[in-house]
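These notes are about the structure you will find just below.
The numbers here are math on the coordinates, done by the rules we state, and not lab data. Here the structure is a predicted model, which is why all the values come from computation and not from measurement. We place every Cβ from the backbone using ideal geometry, glycine too, and count neighbours over all the protein chains shown.
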Amino acid sequence: HKPTVIITGASSGVGLWSAKALADKGWYIVMACRNIAKTEKAAESVGISKDNYTIIQVDLGSLVSVREFVAKFRATGLSLDALLCNAAIYMPLLKAPLRSPEGFELTMTTNHLSHFLLCNLLLEDMKKSTYPDRRMVILGTVTHNPDELGGKIPPQPDLGNLEGFEKGFKEPISMANGKKFEPVRAYKESKVCNILTMRELHRRFHDSTGITFTSLYPGCVADTPLFRNHYPLFQKLFPLFQKNITKGYVTQELSGQRVAAVVADPEYRQSGAYWSWGNRQKKDGQSFVQTVSPQARDDARAERMWDLSAKLVRLV
Ligand code: NDP
C-alpha cells in the first residue's frame, strides 16, 4: 500500500505543492487544514486526484484542536509514515498580539507550539509504522539566521533565556523572551523554535526509533500567500527583488518538489540535518546540509525550549 504523510497547511503555497509532489511520488496525503472547502479546491487546482488524499480539519491556532485532529487521524486507522510540519502565519503589521483560545500569542502558537504538540503526539503513531524510512520534517527559513544575508534585516530573533515561556506565555506576555511585542520577531523566533524542535527530536528519538528528523529552507517562495498580511507595495516588489537582486526566488512548484524530496528521497535520509539549496545566485543549485544560526544550534537552549514548551502544551 501507499505510504501516508500528514501535511499541515496543505491548502496553499509550499504545503500545497509539496502535497502535489508527494502524490506524484506515490504517497497518500492527509491534508491537515483549517478550511476544508478551500483545501478541496486547492487540491483540484494542482491536479491531486481524489484517491490520493483526504482532508482532516485542524486549527493550529488552538491546542485543543490539535489534540482533536490527532484523535480524528487515529480513527481513520491509517498508518503514519511521515509528518510534514509546514503551516505558518506571518503577520508583520500587527500592532497588538492575537491570542489562541489558551491565551498564548498566536504566531508562536500556530507555527511552533501546535507543531511541537503534534510531533510529540504523532511520534507514537510513527513508532508503530513498519515503513522502512519514516521521517518528520519541519519547515525552517533563512530569516531565522542572522549569519546569512537573508537573515540580517532587523528585527533579529532573540529567544533570550525563554523568560516569557517560563512565565506561562499569557497576557501580558507575548514574546518568548518576555519582551515587547514585535510581530516580525515573533515569526522569526517561531522558526528558530521549529529548528530547535527538530534538533531536539533528533537528539532524543533518532537512535531509539530510527526516524529521520530534518528541517529545510526551500528558497524564497516570494509569491505565496504568506505575505498577504504585508503592505500591498511590499507584495508587488518582494518577488521582483528576490528574482532580480538576491536571485533567491523559487517557484511554488519547485519549493514543493524540494520539500517532497526531503520527505521521501533516499539522499535526504540524514537525521538532524537542515537542508538548503546552494549557489542561490546560480541556476540549479545543489542541496547541502547547512549550519543553522547560533541560537538554533544551542543544545542547552533546545533542551530548555523543549521542557518549557512541553509544559505550555500540557504534555507534562
Ligand atoms: P502560505 O501562507 O501560502 O501557506 C500557509 C499554510 O498554513 C496555509 O495552508 C494556511 O492555511 C496554513 N495555516 C495558517 N494558519 C493555520 C491554522 N491556524 N490552522 C491550520 N492551518 C493554518 O505560506 P507558505 O507556503 O509560503 O509557507 C509555508 C511554510 O514555508 C511556512 O512554514 C513558512 O515559514 C515556510 N517558508 C516560506 C518561505 C517563503 O518564501 N514563502 C520561505 C521559507 C520558509 P489557509 O490556507 O487556511 O490560510
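Figures for the structure shown
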read-out	value
Length-normalised contact order for the stretch 171-229 - Cα pairs under 8 Å, 6+ apart - percent	18 percent
Translational diffusion of the stretch 235-295, µm² s⁻¹ [Kirkwood Rh, Cα pairs; Stokes-Einstein; 25 °C; 0.890 mPa s]	187 µm²/s
For 214, 246, 109, order by how many other beta-carbon atoms lie within 10 Å, fewest first	246, 214, 109
Fraction of beta bridges assigned by DSSP in the chain that are antiparallel (%, nearest 5)	15 percent
Under Karplus coefficients 6.51, -1.76 and 1.60, residue-wise ³J(HN,Hα) of the stretch 83-90 in Hz, glycine/proline x	10, 10, 8, 10, 4, 6, 10, 9
Estimated 222 nm signal from helices in the chain, with DSSP H stretches of n ≥ 4 weighted -39500 (n - 2.57), rounded to 500	-12000 deg cm²/dmol
log10 of Debye I(q)/I(0), alpha-carbon scatterers only, for the stretch 91-178 at 0.14 Å⁻¹	-0.67
Placed amide H near residue 287: partners under 5 Å, 5+ positions off or other chain	278
Qualifying lysines (Cα of each under 18 Å from Cα of residue 188; at least 8 residues distant if same chain)	95, 152, 179, 180
Where N is the number of residues in the stretch 43-88, Cα Rg divided by 2.2 N^0.38 Å	1.30
Listed residues 245, 173, 138, most fluctuating in the chain (Gaussian network, C-alpha, under 10 Å)	245
Length-normalised contact order for the chain - Cα pairs under 8 Å, 6+ apart - percent	19 percent
Hz values of 3J(HN,Hα) by residue in the stretch 92-101 - Karplus curve (6.51, -1.76, 1.60), Gly and Pro given as x	x, 9, 4, 8, 9, x, 8, 10, 6, x
Rounded to whole Hz, the Karplus (6.51, -1.76, 1.60) HN-Hα couplings of the stretch 182-191, x for glycine and proline	9, x, 5, 5, 4, 4, 4, 5, 5, 6
Amide proton proximity set for residue 216, modelled H, under 5 Å, gap of 5+	138, 140, 275
Compactness index (Cα Rg / 2.2 N^0.38 Å), the stretch 113-156	1.71
Surface/4 of the Cα convex hull for the stretch 1-146, nm²	9.6 nm²
Distance between the stretch 22-93 and the stretch 198-267 - C-alpha centres, whole angstrom	17 Å
Three semi-axes of the equivalent ellipsoid, the stretch 109-256, Cα gyration tensor, whole Å, largest first	28, 23, 13
Fraction of alpha-carbon pairs over 17 Å apart in the stretch 172-276 - percent	66 percent
Histogram of C-alpha separations across the chain, 20 Å bin width, %	35, 61, 4
Volume of the Cα convex hull of the stretch 20-73, divided per residue and given in Å³	77 Å³
Burial order of peptide ranges 140-152, 21-33 (average beta-carbon count within 10 Å, highest first)	21-33, 140-152
Debye, to nearest 20: dipole size of the stretch 212-272, +1 on Lys, Arg Cβ, -1 on Asp, Glu Cβ	220 debye
